[in-house]
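Enquirer: Following this message is one structure expressed as structure tokens.
The values are calculated or read from the model by the stated rules, or taken from the named source; none is laboratory data. What you see is a predicted model, and the numbers here were worked out from it, not measured in a lab. Don't worry about glycine lacking a Cβ; one is built from the backbone with ideal geometry, like all the others, and counts go over all protein chains shown. Please note that ligands, DNA and RNA were not included when accessible areas were found on the heavy atoms of the full protein model with its side chains. Shrake-Rupley method; radii C 1.70, N 1.55, O 1.52, S 1.80 Å.
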Amino acid sequence: MSVQLLTPEGMFQPVPYHHVAIGTGTRQVHVAGQIARDADADLIATGDLTGQVEQVLRNAARGLAGAGATFSDVVRLRFFLTGWGPDQGEKVGAFMAGIENVTDELGLPRPLPPVSAIGVDYLFEPDVLVEVEAYAVLD
């Protein structure tokens, strides 16, 4: 296996992801930021953060598969979320629900590889609530 996930002792817990990923393979896969659009560029889950998180992860899975990778090869996920600020309690729940809803379907590891959730003012278009980038390492 080309990816080892770990959380060294003394690092902040609990979090739903590992703090460290070690990639020992030789091929890198970088999946560009995926938004909640289908193959026809139609928006999926308008105004629904949970639904958009599900779709961006499905799109990332397709990108990974195109390179011969799966989420077990991922060393980092980076999410960009609109309207993410100090009072995001409800949004955190919707965000995490989107991940949980597709975990089994997409074979997401538990805990996840290292994850960043970055708040932004605006993404690709006004109806885009979330974008994800995936980075993987293959043998």
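Enquirer: Report ³J(HN,Hα) in whole Hz for each residue of the range 112-128, in order, from the Karplus equation J = 6.51 cos²θ - 1.76 cosθ + 1.60 where θ = phi - 60°; Gly and Pro get x.
Expert: Karplus values, whole Hz, x for Gly and Pro: 5, x, x, 10, 10, 10, 10, x, 9, 6, 7, 10, 1, 9, x, 8, 8.
Enquirer: Right, another one. Using a cut-off of under 19 Å, list every residue of the range 73-112 whose amide N is near the label point 7 Å from the Cα of Asp121 along the Cα-to-beta-carbon line.
Expert: The answer is 80-87.
Enquirer: A follow-up question, please. Starting at the first residue of the range 20-31, write each ³J(HN,Hα) from the Karplus equation 6.51 cos²θ - 1.76 cosθ + 1.60 with θ = phi - 60°, in whole Hz, x for Gly and Pro.
Expert: Listing the rounded values in order: 9, 10, 10, x, 10, x, 10, 10, 9, 10, 10, 8 Hz.
Enquirer: Averaged per residue, what accessible surface does the chain expose to a 1.4 Å probe, in Å²? Before the final figure, lay out the partial values.
Expert: Values: 7290 Å² over 139 residues.
Value for the chain: 52 Å² per residue.
Enquirer: With springs only between Cα atoms under 10 Å, which of Gln52, Gln34, Gln88 fluctuates most in a Gaussian network model of the chain?
Expert: The residue that fluctuates most here is Gln88.
Enquirer: For the range 1-104, which chymotrypsin sites (Phe, Trp or Tyr not before Pro) are both in a DSSP coil and crowded by at most 11 other Cβ atoms within 10 Å?
Expert: Sites meeting the loop and neighbour criteria: Phe12.
Enquirer: Moving on. How much mean residue ellipticity at 222 nm does the chain get from its helices, if each DSSP H run of length 4 or more adds -39500 (n - 2.57) and you divide by all residues, to the nearest 500 deg cm²/dmol?
Expert: -9000 deg cm²/dmol
Enquirer: Specify the angular offset, from 0 to 90 degrees and rounded to the nearest 10, of the alpha carbon long axis of helix 49-66 from the longest principal axis of the alpha carbons in the chain.
Expert: For 49-66 against the chain, the angle is about 40 degrees.
Enquirer: Moving on. Round to a whole number: what % of the accessible area of the chain belongs to carbon and sulfur, probe 1.4 Å?
Expert: Accessible surface attributable to carbon and sulfur in the chain totals 52 percent.
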